[in-house]
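The values are calculated or read from the model by the stated rules, or taken from the named source; none is laboratory data. Predicted, not measured: the structure shown is a model, and the values here were computed from it. Don't worry about glycine lacking a Cβ; one is built from the backbone with ideal geometry, like all the others, and counts go over all protein chains shown.
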Amino acid sequence: MESLSNKKKQLEVKPLNFWERAYLPAIAKGLSITMSHFFKKPVTIKYPEEKREFSENFRGMHSLKRDEQGRERCTACGLCALSCPAEAITMQAAERQKGEENLYREEKYAAVYEINMLRCIFCGLCEEACPKEAIYLDGDIVPSDYLRKDFIYGKDKLVEAPLNQ
């Protein structure tokens, strides 16, 4: 019995005064914070109409470059695929045939070059590893989509358009 009376003594709470019961200081503080936000500049932008500027070191979508004559620079050496920590790049090399001198720069070229954008972490190591300066991360933001297969980009989406077109 004694322990119950000790607990009741510990639970006794002093009564609230008038200002504490009215919560006026708390209400005033909340209203002042709310009113201060009315006069601040919004941090969001209206995206489709306004676009945010990217920094100099922004890494966007990949692009395979061409040389001055409009030939593909990629020689299918595979260094970009080896340097990719996410293993997002796959390629198959092929030999250049007669009559394809104006399409490819070297004897070997990438017949199939694919980047899985769902795996890519945009680290830029493929860009650093390329000895021919064939791949760059200089594009725009990767567009959203619903199907996984649409995020595997082949040469049709990666190679930049020829200069004469």
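Every residue in the range 31-57 that is of a type in the set (K, R) and surrounded by fewer than 10 Cβ atoms within 10 Å (Cβ to Cβ), please. Passing the criteria: K40, K41, K46, R52.
T34 falls short on exactly one of the conditions (1) of a type outside the set (G, A, S); (2) under 30 Å from A129 (Cα atoms); (3) modelled with pLDDT of 85 or more, and that condition is (2).
Residues in the range 43-92 that are more than 15 Å from C130 (Cβ to Cβ) and among the basic types (K, R): K46, K51, R52, R71. Kindly list, by first and then second residue, each pair from a residue in the range 1-27 that is in a helix (DSSP H, G or I) to a residue that is hydrophobic (A, V, I, L, M, F, W, C) and modelled with pLDDT under 80, limited to pairs with Cβ atoms under 9 Å and residues at least 6 apart or on different chains. That search, which allows pairs on different chains as well, returns P25/W19.
Condition (residue is of a type in the set (V, I, T) and under 26 Å from Y47 (Cβ atoms)) applied to the range 86-102: is it met by at least one residue? No: zero hits. Of all residues in the range 123-149, those that are surrounded by 13 or more Cβ atoms within 10 Å (Cβ to Cβ) and not small (G, A, S) total 11. Evaluate the following for C120: is it assigned to a loop (DSSP other than H, G, I, E, B), under 25 Å from the mean Cα position of the chain (by Cα) and surrounded by 16 or more Cβ atoms within 10 Å (Cβ to Cβ)? Taking the combined requirement at face value, the residue satisfies it. Tell me which residues, restricted to the range 87-113, are surrounded by fewer than 18 Cβ atoms within 10 Å (Cβ to Cβ) and either in contact (Cβ under 8 Å) with a residue 40 or more places away in the chain or part of a strand (DSSP E or B) (or both). Across the range 87-113, the qualifying residues are T90, Q92, A93, A94, E95, K108, A111, V112. Is there a residue being in contact with a strand residue (DSSP E or B) (Cβ under 8 Å, 6 or more places away or on another chain), at pLDDT 85 or above, closer than 30 Å to K157 by Cβ and outside any loop (DSSP other than H, G, I, E, B) anywhere in the range 46-63? Yes, the range 46-63 contains at least one residue that is in contact with a strand residue (DSSP E or B) (Cβ under 8 Å, 6 or more places away or on another chain), at pLDDT 85 or above, closer than 30 Å to K157 by Cβ and outside any loop (DSSP other than H, G, I, E, B). Against the condition surrounded by 12 or more Cβ atoms within 10 Å (Cβ to Cβ), under 25 Å from the mean Cα position of the chain (by Cα) and assigned to a helix (DSSP H, G or I), how does A81 come out, does it pass? Spelling it out, A81 is indeed surrounded by 12 or more Cβ atoms within 10 Å (Cβ to Cβ), under 25 Å from the mean Cα position of the chain (by Cα) and assigned to a helix (DSSP H, G or I). Of all positions in the range 16-24, at least one carries a residue that is at negative phi, at pLDDT below 80, of a type in the set (D, E, K, R) and loosely packed, with under 10 Cβ neighbours inside 10 Å.
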